[in-house]
Amino acid sequence: MILAIDMGNTNIVIGCIDNEKIYFEERMATDHSKTELEYYVLFKTVLDLYKIENTSITGAILSSVVPPLVNIIKAAVEKLIGISPFIVGSGIKTGLNILMDNPRQLGSDLVVNAVAGVNEYGAPLIIIDIGTATTISVVDKNRNYIGGCIMPGVGVSADSLVSKAAQLFKVSLCAPSKYIGKNTIDCMKSGIIFGHAACLDGMIERIEDELGYRCTILATGGLAGTIIPHCKRAVTIDEELLLKGLKIIYDLQTAEK
């Protein structure tokens, strides 16, 4: 069993996985103010919740888009299980052919998602990750990661709208009953939820037009379940994509050992 951690701008996804199954997956807030010890306590609490002994974990892997916290999380993991985690980044084996202007600039979470997506669903593939930002990754029919796009996330867009418009206020991220709102709250919910879903439908269509063929469409991320059900295009939600990808990459590092 290994400990797999993905650190995003808003949430940290943590889970334990082996060749047989995923034992758990949980999310906690990313907090720049927390120390190594505080993260250790959080991780230990999660393991205790699922009755997983530290000694049963034989390895760890970490991906992160928050560079200032990498060493803190790494030290917390070492304190927790006595093993230094692999860090997804430049020089680590992924098995993914990245055809970008500068492959080193590609976020580790996008790499991990693509590795898992290609392994489980094949190619061509479009992967949508709905979190702080909404990212779209494209893997062509030859299994090459060829690029994608980055959009403001659902929460970021909603917060920006409220902060810039004096008469608008924060609303919950749940869909209204109709597209045409009859009050300010429902109008905002319609624009935020249905508008984001429609944007994704449009981007999928444009990407496939550019490729010249249709793709399997995947979605993951903390808000995938909020947005994807309102897309007109068929999209498979895989909330465990990150953990699966981290396990595959971990196995690549240890295959020859």
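The values are calculated or read from the model by the stated rules, or taken from the named source; none is laboratory data. All values reported here derive from a predicted model rather than from experimental measurement. All Cβ positions, glycine included, derive from the backbone under ideal geometry; neighbour counts span all protein chains shown. SASA here: full protein model, heavy atoms, side chains in, ligands and nucleic acids out. Shrake-Rupley method; radii C 1.70, N 1.55, O 1.52, S 1.80 Å.
Can you tell me which residue in the range 59-72 is most open to solvent (accessible area, probe 1.4 Å), limited to those that are farther than 21 Å from Q105 by Cα and in contact with an Asp or Glu (Cβ under 9 Å, 6 or more places away or on another chain)?
Going through the range 59-72, the residues farther than 21 Å from Q105 by Cα turn out to be 59-60, 72.
From what's left, in contact with an Asp or Glu (Cβ under 9 Å, 6 or more places away or on another chain): 60, 72.
On the way: A60: 3, I72: 47 Å².
Among residues in the range 59-72 that are farther than 21 Å from Q105 by Cα and in contact with an Asp or Glu (Cβ under 9 Å, 6 or more places away or on another chain), the one most open to solvent (accessible area, probe 1.4 Å) is I72.
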Meets criteria (within 24 Å of D159 (Cα to Cα) and open to solvent by less than 20 Å² (accessible area, probe 1.4 Å)) for I180:
no
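To keep it simple, each residue is scored yes or no on (1) out of contact with any strand residue (DSSP E or B) (no Cβ under 8 Å at 6 or more places or on another chain); (2) under 21 Å from D6 (Cα atoms).
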site	(1), (2)
V88	no, yes
I92	no, yes
M100	no, no
L106	no, yes
A114	no, yes
V118	no, yes
G122	no, no
I128	no, yes
T132	yes, yes
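Test Y40 against the stated conditions and say whether it is closer than 26 Å to T220 by Cα and aromatic (F, W, Y).
Values: closer than 26 Å to T220 by Cα: no; aromatic (F, W, Y): yes.
Considered against the rule, which asks whether it is closer than 26 Å to T220 by Cα and aromatic (F, W, Y), Y40 comes out as no.
Here is a check on your reading of the model: is I5 within 20 Å of L69 (Cα to Cα), touching a Ser or Thr at 6+ places or on another chain (Cβ under 7 Å) and not in a loop (DSSP other than H, G, I, E, B)?
Values: within 20 Å of L69 (Cα to Cα): yes; touching a Ser or Thr at 6+ places or on another chain (Cβ under 7 Å): no; not in a loop (DSSP other than H, G, I, E, B): yes.
Considered against the rule, which asks whether it is within 20 Å of L69 (Cα to Cα), touching a Ser or Thr at 6+ places or on another chain (Cβ under 7 Å) and not in a loop (DSSP other than H, G, I, E, B), I5 comes out as no.
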Does any residue in the range 89-103 that is on the phi < 0 side of the Ramachandran plot come within less than 9 Å, Cβ to Cβ, of a residue that is aromatic (F, W, Y) six or more places away or on a different chain, and which pairs are these?
I92/F86; L96/Y145; N97/Y145; I98/Y145; L99/Y145; M100/Y145; P103/Y145
Checklist (1) in a loop (DSSP other than H, G, I, E, B); (2) open to solvent by 40 Å² or more (accessible area, probe 1.4 Å); (3) not charged (D, E, K, R) applied to I52, failing item:
(2)
I'd like to verify a number: residues in the range 204-234 that are more than 24 Å from I180 (Cβ to Cβ), in a loop (DSSP other than H, G, I, E, B) and open to solvent by 20 Å² or more (accessible area, probe 1.4 Å), how many?
5
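Test K79 against the criterion of being surrounded by fewer than 18 Cβ atoms within 10 Å (Cβ to Cβ), within 30 Å of K141 (Cβ to Cβ) and in contact (Cβ under 8 Å) with a residue 40 or more places away in the chain, and give yes or no. Outline the logic, then answer.
Working: surrounded by fewer than 18 Cβ atoms within 10 Å (Cβ to Cβ): yes; within 30 Å of K141 (Cβ to Cβ): no; in contact (Cβ under 8 Å) with a residue 40 or more places away in the chain: yes.
Spelling it out, it is not the case that K79 is surrounded by fewer than 18 Cβ atoms within 10 Å (Cβ to Cβ), within 30 Å of K141 (Cβ to Cβ) and in contact (Cβ under 8 Å) with a residue 40 or more places away in the chain.
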Restricting attention to the range 235-257, which residues are among the hydrophobic types (A, V, I, L, M, F, W, C), within 19 Å of A133 (Cβ to Cβ) and open to solvent by 50 Å² or more (accessible area, probe 1.4 Å)?
I237
Residues that are out of contact with any strand residue (DSSP E or B) (no Cβ under 8 Å at 6 or more places or on another chain), open to solvent by less than 50 Å² (accessible area, probe 1.4 Å), without any contact (Cβ under 8 Å) to a residue 60 or more places away in the chain and β-branched (V, I, T): does the range 150-173 have at least one?
yes
Anything in the range 1-49 that is at pLDDT below 90, under 20 Å from T134 (Cα atoms) and open to solvent by 40 Å² or more (accessible area, probe 1.4 Å)? List them, or say none.
N9, T10, N11
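Consider the range 121-137. How many of its residues are under 13 Å from I217 (Cβ atoms) and open to solvent by 10 Å² or more (accessible area, probe 1.4 Å)? If you could, list the steps in order and put the result at the bottom.
Start the filter on the range 121-137 by keeping residues that are under 13 Å from I217 (Cβ atoms), which leaves 121-130, 136-137.
Applying the additional criterion that residues be open to solvent by 10 Å² or more (accessible area, probe 1.4 Å) yields 121-124, 129.
Residues flagged as under 13 Å from I217 (Cβ atoms) and open to solvent by 10 Å² or more (accessible area, probe 1.4 Å) within the range 121-137 amount to 5.
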